[in-house]
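Peer 1: This is the structure I want to talk about, given as structure tokens.
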Amino acid sequence: MKIALLGYGKMGMAIEKIAVAKGHEIVYKVNLENAYDFMPVSLKNVDVAIDFSMPTAAVDNIHKCFEAQIPIVVGTTGWYDQFDEINAKCLQEGQAMVHSTNFSIGVNLFYKLNKVLAAMMARFDNYDVMIEEVHHTAKQDHPSGTALSLSKHIMDEIKTKTAIRERLIFGKDQPSQSVKPHELLVESYREGDVTGIHRVKYESVIDSIEIIHDAKSRYGFAKGALMAAEWIIGKKGMYTMDDILNLDEIIKDK
């Protein structure tokens, strides 16, 4: 498989290492130095593109891949305000795309646990729920795409939560903010070189319930993205990691 890496930072390098070890070939890379030279014709010898670029570049990269008729896997977050437009274009033109706020297999298992737990907790109004996410200080978007996905899954099940209240935290001393009953608090911490930690907490006066995903390295994300790139070859349409992992069928069977 011949791969184009759209974004060659730490994630791009991690994907390259795994891909080459599996016998794939990286035939094109987009980084800060050559980003302005990236055109659809640049993908003429490419089987699939993997995008871990910047929120400001992702949509343009998607359009270029569509023009070149190249399937694309998008792990960049922060562009989802334009998702409806991209989704419509993908389906109308018969393009192929996999998108996810997090390609880690472990995180996608965590998503399913979060949905199931939220559906259970919706029956008990004596618990309040919040999310904490911790990332490295260079991460630009906040809350993280993963935290936003977790928030959506919770609000789909717990109907009393209808809005997100974000608290961005650098360092330890932060002013407190009041949170209204209909708001789902998401605390976004930016510390050092943390790969990614996500906690969903349910709290009552009696006890607390908590689920956590702690990413130990970027290779979990890279492995999932490469799995998606291998899977999308020969397909048409818009997909997520749900389609690849098929976890709903496992839950249904149980």
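Peer 1: Taking the options ASN45, ASN87, name whichever one is surrounded by fewer than 19 Cβ atoms within 10 Å (Cβ to Cβ) and over 30 Å from VAL200 (Cα atoms).
Peer 2: Within the list ASN45, ASN87, the selection yields ASN45.
Peer 1: Let me ask something else about it. Would you check if there is a residue in the stretch 190-197 being of a type in the set (Ser, Thr, Tyr), closer than 22 Å to VAL74 by Cβ and at pLDDT below 95?
Peer 2: So the first thing to find is which residues in the stretch 190-197 are of a type in the set (Ser, Thr, Tyr), and the list is 195.
With the extra rule that they be closer than 22 Å to VAL74 by Cβ, the set shrinks to 195.
Filter once more, so that each one left must be at pLDDT below 95: 195.
Within the stretch 190-197 (the criterion being of a type in the set (Ser, Thr, Tyr), closer than 22 Å to VAL74 by Cβ and at pLDDT below 95), the answer is yes, since at least one residue qualifies.
Peer 1: Now for a different question. Report yes if LYS44 is without any contact (Cβ under 8 Å) to a residue 60 or more places away in the chain, of a type in the set (Lys, Arg) and not assigned by TED's automatic domain parsing to the domain that holds ASP141, otherwise no.
Peer 2: Numbers: without any contact (Cβ under 8 Å) to a residue 60 or more places away in the chain: yes; of a type in the set (Lys, Arg): yes; not assigned by TED's automatic domain parsing to the domain that holds ASP141: yes.
In short, yes.
Peer 1: Okay, next question. List the strands (runs of 3 or more DSSP E) inside the stretch 79-191, counting only whole elements, that have at least 2 residues being farther than 30 Å from GLY234 by Cβ and not assigned by TED's automatic domain parsing to the domain that holds ILE50.
Peer 2: So the answer is 128-135, 163-169, 183-190.
Peer 1: Another question, if that's okay. Which condition does VAL200 not pass, out of (1) part of a strand (DSSP E or B); (2) loosely packed, with under 12 Cβ neighbours inside 10 Å, if it passes all the others?
Peer 2: (2)
Peer 1: Is one or more of the residues making up the stretch 242-254 outside any helix (DSSP H, G or I), on the phi < 0 side of the Ramachandran plot and either modelled with pLDDT under 90 or in the same structural domain as MET120 (by TED's automatic domain parsing) (or both)? Break it down into steps so the answer makes sense when it comes.
Peer 2: Our first condition is that a residue be outside any helix (DSSP H, G or I); within the stretch 242-254, this holds for 246, 254.
Narrowing further to those that are on the phi < 0 side of the Ramachandran plot: 254.
Now restrict to residues that are either modelled with pLDDT under 90 or in the same structural domain as MET120 (by TED's automatic domain parsing) (or both): 254.
Yes - at least one qualifying residue is present in the stretch 242-254.
The values are calculated or read from the model by the stated rules, or taken from the named source; none is laboratory data. Predicted model, so just to flag it, every value in this text is computed and none were measured. A quick note on method: Cβ atoms are made from the backbone with ideal geometry, for glycine too, and the neighbour counts reach across all protein chains shown.
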